[in-house]
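J.: Take this structure first; my questions come after.
The values are calculated or read from the model by the stated rules, or taken from the named source; none is laboratory data. This structure is a prediction, so every number in the text was calculated from the model and none was measured. Note that we place each Cβ from the backbone using ideal geometry, even for glycine, and neighbour counts take in every protein chain shown. Just so you know, the surface numbers come from the protein's heavy atoms only, side chains and all, with ligands and any DNA or RNA stripped out. Shrake-Rupley method; radii C 1.70, N 1.55, O 1.52, S 1.80 Å.
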Amino acid sequence: MQYYLAPMEGITGYVFRGAQQELFEPLDKYITPFLAPNQNRCMNTRERKDVLPEHNTGGRTVPQILTNQAEVFLAACRELENMGYQEVNLNLGCPSGTVTAKGRGAGFLAFPEKLDAFLEQVFAGTHQKISIKTRLGIQEPEEFFTILEIFNRYPLEELIIHPRVQKDFYKNKPNWEVFGEAVKRSRAPVCYNGDIFTPENLNLFVEAHPQVNRVMLGRGMVVNPGFLNLLPERGGGGRNPDQEKIRAFHDRLLFDYGKELSGDKNLLFKMKELWFYLIRLFPDSEKEAKKIRKVQRVSDYIRIVDGLFSEKELEVPAHICF
């Protein structure tokens with residue numbers, strides 16, 4: 001099985017990816033949070049920093065692009081190729097209203113003819129490998145079969161399917177029935193993405209779809225960046241993550257974000273995003289989670305975290321809900 005890191009805006013940037021690769025079993029591929037190029041520029045300063053080759057030396061990194069304009073996509077491809085990237089990923093999965101209202105991300109799926117014309121121009125204009133991360137459609141899962149006919153006209157490197165529609169956002173269960181049919185019909189290799197938070201979730205998916213050998217991990221990897229270290233196929237087992245490594249991971253992020261961000265407020269905002277996920281490794285820690293959400297000074301934050309790691313034994317629960 002191949003494992004990929006999902007792009008999560010504001011969370012899985014190069015600081016997170018680098019720490020995960022160095023401290024835990026690395027994944028097979030890392031998809032970056034999306035770049036949003038336009039007619040005037042291919043990347044802003046933050047986006048460029050995230051894809052700089054010197055910030056992505058440890059694993060196979062694939063930049064993701066969010067646009068519905070072929071010429072803009074191709075301009076970004078050229079700049080990324082100059083940086084050494086041989087593969088790029090098209091974002092057709094973002095369900096955010098601010099994105100979809102502009103016909104980008106999952107919103108592009110509402111315009112099959114425009115999507116077809118876009119892909120035709122893109123594949124005629126670059127020799128780079130193109131993969132796609134997609135949802136099933138806007139309103140109904142069955143929309144995907146028309147969309148898949150379009151995808152099948154082009155030599156995609158792979159198709160990463162999050163089997164929800166745009167209106168679901170992250171609610172409801174991923175539609176495994178439509179996903180399974182998509183696997184049968186797709187000409188491109190298919191990777192699965194959606195609600196794999198624990199090894200138990202992964203086992204259920206593998207039993208249901210034994211023909212799929214690629215899985216993308218998102219929120220489950222932020223809860224436990226050592227997810228792969230728990231898997232028997234990667235030499236692990238059980239549900240207890242390495243407490244020292246989780247602490248080292250946290251401290252590495254705190255230090256590296258501290259170099260990037262100015263002021264306690266900005267640094268704490270970043271760390272609080274992490275703790276929305278990481279706190280799930282600490283049983284019965286609602287009191288500490290509330291303290292972290294409310295803390296205003298880094299010095300107070302460190303005291304809370306020190307107490308949490310010293311007083312609690314980490315464990316990956318059998319079931320994680322968001």
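J.: Mind telling me which of the residues ARG185, ARG164 ends up being crowded, with 16+ Cβ neighbours inside 10 Å, basic (Lys, Arg) and at pLDDT 95 or above?
T.: The conditions single out ARG164.
J.: Please state which one of PHE16, PHE73 is in contact with a Ser or Thr (Cβ under 6 Å, 6 or more places away or on another chain), surrounded by 15 or more Cβ atoms within 10 Å (Cβ to Cβ) and part of a helix (DSSP H, G or I).
T.: PHE73
J.: Considering the range 19-44 alone, what residues qualify as being open to solvent by 20 Å² or more (accessible area, probe 1.4 Å), of a type outside the set (S, T, N, Q) and either in a helix (DSSP H, G or I) or within 23 Å of LYS272 (Cα to Cα) (or both)?
T.: GLU22, LEU23, PHE34
J.: Look at PRO174 and say whether it is open to solvent by 10 Å² or more (accessible area, probe 1.4 Å), part of a loop (DSSP other than H, G, I, E, B) and out of contact with any Gly (no Cβ under 7 Å at 6 or more places or on another chain).
T.: The answer is no for PRO174.
J.: Something else now. When you go through (1) open to solvent by less than 50 Å² (accessible area, probe 1.4 Å); (2) closer than 12 Å to VAL316 by Cα one by one for GLY180, which number turns out not to apply?
T.: (2)
J.: Which ones in the range 88-121 are farther than 22 Å from LYS167 by Cβ and either small (Gly, Ala, Ser) or buried (at least 19 other Cβ atoms within 10 Å of the Cβ) (or both)?
T.: Across the range 88-121, the qualifying residues are VAL88, ASN89, ALA117, PHE118, LEU119.
J.: Need a quick list: helices (runs of 4 or more DSSP H) entirely within the range 210-307 having at least 1 residues that are surrounded by fewer than 14 Cβ atoms within 10 Å (Cβ to Cβ) and either without any contact (Cβ under 8 Å) to a residue 60 or more places away in the chain or within 18 Å of the chain's Cα centre (by Cα) (or both).
T.: Filter on the range 210-307 gives 243-260, 264-278, 286-294.
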